[in-house]
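Input: a single structure, listed below in structure tokens.
The values are calculated or read from the model by the stated rules, or taken from the named source; none is laboratory data. Just so it is clear, the model here is predicted, and its values are computed rather than measured. For neighbour counting, all protein chains shown are included, and Cβ atoms are generated from backbone atoms with ideal geometry for every residue, glycine included. What goes into the accessible areas is simple: the full protein's heavy atoms, side chains included, and nothing from ligands, DNA or RNA. Shrake-Rupley method; radii C 1.70, N 1.55, O 1.52, S 1.80 Å.
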Amino acid sequence: AALAQAEAQLASARNDLSYTTITSPSDGVVGTIPFRVGSLVGTTTQEPLTVVSDINKMFVYFSMNEKQLLDGSVNSMIGAMPEVQLQLADGTMYPAKGKIETLSGVIDLSTGAVQMRATFPNAQRLLRSGGTGTVLIPSVLDSALLIPQSATYEVQDKKFVYVLGDSSKVKNTEITVFPLDNGKQ
């Protein structure tokens with residue numbers, strides 16, 4: 001009877017010991033660990049031990065205003081689901097291209113914007129949860145001239161440039177500007 005009791009205690013001790021080793025059900029990056037080695041945790045502990053994030057594929061959330069969304073060229077881009085690029089916070093370009101996967105069907109009344117989500121592969125684990133950047137959506141313009149913004153001027157919400165005409169005379173000419181602005185041209 002003493003041997004059976006000792007074996008039961010051994011089985012119980014092995015079971016208790018198994019709870020001291022914690023393994024994650026998935027691979028990923030460990031977040032903050034609020035507990036120190038030796039802290040007592042149990043089934044009644046409210047705070048999680050940590051959060052493991054799978055960052056092989058990253059979701060990048062961004063928004064587009066209603067005016068951009070209603071623009072015909074943007075609608076055709078979204079319908080074609082173009083590959084997008086990500087400019088990181090330090091100004092460098094992320095090496096892999098992403099894909100727009102979802103577009104919210106609701107326009108936020110307070111901001112006038114619609115939420116979008118692009119997915120980027122993250123094999124090098126360069127992107128982290130909570131990071132910031134700029135999503136660049138490509139656009140194709142046929143028969144367009146690129147003019148530096150510094151060479152234009154505005155009068156009553158119309159854009160103009162100076163054009164050198166015949167006999168070396170300069171005249172101002174109204175131009176039509178593409179609605180998506182890259183900040184330079």
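To the nearest 0.05, what FRET efficiency results for VAL170 and SER143 with a Förster distance of 25 Å applied to their C-beta separation? With a Förster radius of 25 Å, E is 0.55. Largest accessible area first, the listed residues PHE62, PHE120, PHE35 line up as PHE35, PHE62, PHE120 when surface is computed with a 1.4 Å probe on the assembled protein chains.
Computed extension length for LEU10-SER53: 11.9 nm, one decimal, from 0.36 nm per residue of separation with the Cα-Cα distance subtracted. Accessible area of LEU70 (1.4 Å probe, protein heavy atoms only, ligands and nucleic acids ignored): about 120 Å². Mind checking the angle between helix 2-18 and the chain's longest principal axis? C-alpha axes, 0 to 90 degrees, to the nearest 10. Between the helix axis and the principal axis of the chain, the angle is about 10 degrees. Annotation: extensible slack from TYR162 through LEU3 equals 47.1 nm (criterion: 0.36 nm per residue apart, minus Cα-Cα distance). With a simple spin-label model that places each label point 7 Å from the Cα along the Cα-to-Cβ direction, the separation between ILE107 and THR45 comes to 4.9 nm.
Report, in listed order, any pair from LYS97/LYS158; LYS67/LYS158; LYS158/LYS184; LYS67/LYS159; LYS67/LYS99 with a Cα-Cα distance greater than 26 Å. As for pairs spanning more than 26 Å Cα to Cα, those are LYS97/LYS158. ASP142 exposes around 130 Å² of accessible area when a 1.4 Å probe is run over every protein chain in place. Placing unit charges on the Cβ atoms of the charged side chains and taking the dipole of the chain about its Cα centre, the candidate lying farthest along the positive direction among LEU86, THR45, PHE35 is LEU86.
Which residues does a label at ASP27 reach in segment 36-72, if reach means a backbone N under 20 Å from a point 7 Å past the Cα toward the Cβ? The answer is 51-59, whose backbone nitrogens lie closer than 20 Å to the label point.
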